[in-house]
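Here the structure is laid out as structure tokens; the discussion comes afterwards.
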Amino acid sequence: MTHPNGRGLGAIEPMTTAQRSYQVSDTSMVDAKARLPSLVQRAEAGEPVHITRRGKRVAVILSERDFSRLTAGEPKQTGYLEFLAGWRKRLQAQGCEPLTDQEIASLRSKETGRDFAWDQ
């Protein structure tokens, strides 16, 4: 494979599903800034790249194809109330009736909690 500027890219071939399960690389945020074009090429070839900050994974670079596959069919959520309404509809579609407000109230503890006072 050759880059438009004539430089070779090496043998970057799309990975099979079996290969993807164990060939995910980690790259520090500093390295990612310096090597973003090559990381994007790897993602386009089917290899997700984890970005780390102080050794902890914080983000992933994916190909658009993989991202679209992962998010296909997901409803756009605008907030908690919309999520809750959608969740209740999905429960009802599965034959599960959500608890009523009265049923939830009967399950809650009637205790007032522990006594607390700020130290004076």
- Task: Using only protein heavy atoms and a 1.4 Å probe, report how much of D101 is accessible, in Å² to the nearest 10.
- Result: 110 Å²
- Item | Qualifying trypsin sites (Lys or Arg not before Pro) in region 38-93, DSSP loop, other Cβ atoms within 10 Å at most 10 | R54, K76
- Message: What does the C-alpha gyration tensor say about the overall shape of region 51-120? Classify as rounded when a/c is under 1.5, otherwise prolate if a/b is larger than b/c, or oblate.
- Response: oblate
- Item | Average Cα contact separation per residue, region 24-120, under 8 Å, 6 or more apart, as relative contact order % | 17 percent
- Using a basic spin-label model with each label point 7 Å from the Cα along Cα→Cβ, how many nm lie between Q92 and D119? 5.2 nm
- Item | L70 versus K110: modelled label distance in nm, points set 7 Å from Cα along the beta carbon direction | 4.9 nm
- Task: Leaving ligands, DNA and RNA out of it, report the carbon-plus-sulfur percent of the accessible area of region 47-91 at a 1.4 Å probe.
- Result: 59 percent
- Query: When only the heavy atoms of the protein chains count and the probe is 1.4 Å, how do E44, E82 rank by accessible area, highest first?
  - Reply: E44, E82
- Heavy atoms only, probe 1.4 angstrom, no DNA, RNA or ligands counted: give me F67, F116 ranked by accessible area, highest first. F116, F67
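The values are calculated or read from the model by the stated rules, or taken from the named source; none is laboratory data. Keep in mind it's a predicted model, so treat the numbers as computed, not measured. Positions of Cβ are backbone-derived with ideal geometry, glycine not excepted, and every protein chain shown enters the neighbour counts. When the accessible area is computed, the model is the full protein with side chains, heavy atoms only, and any ligands, DNA or RNA have been set aside. Shrake-Rupley method; radii C 1.70, N 1.55, O 1.52, S 1.80 Å.
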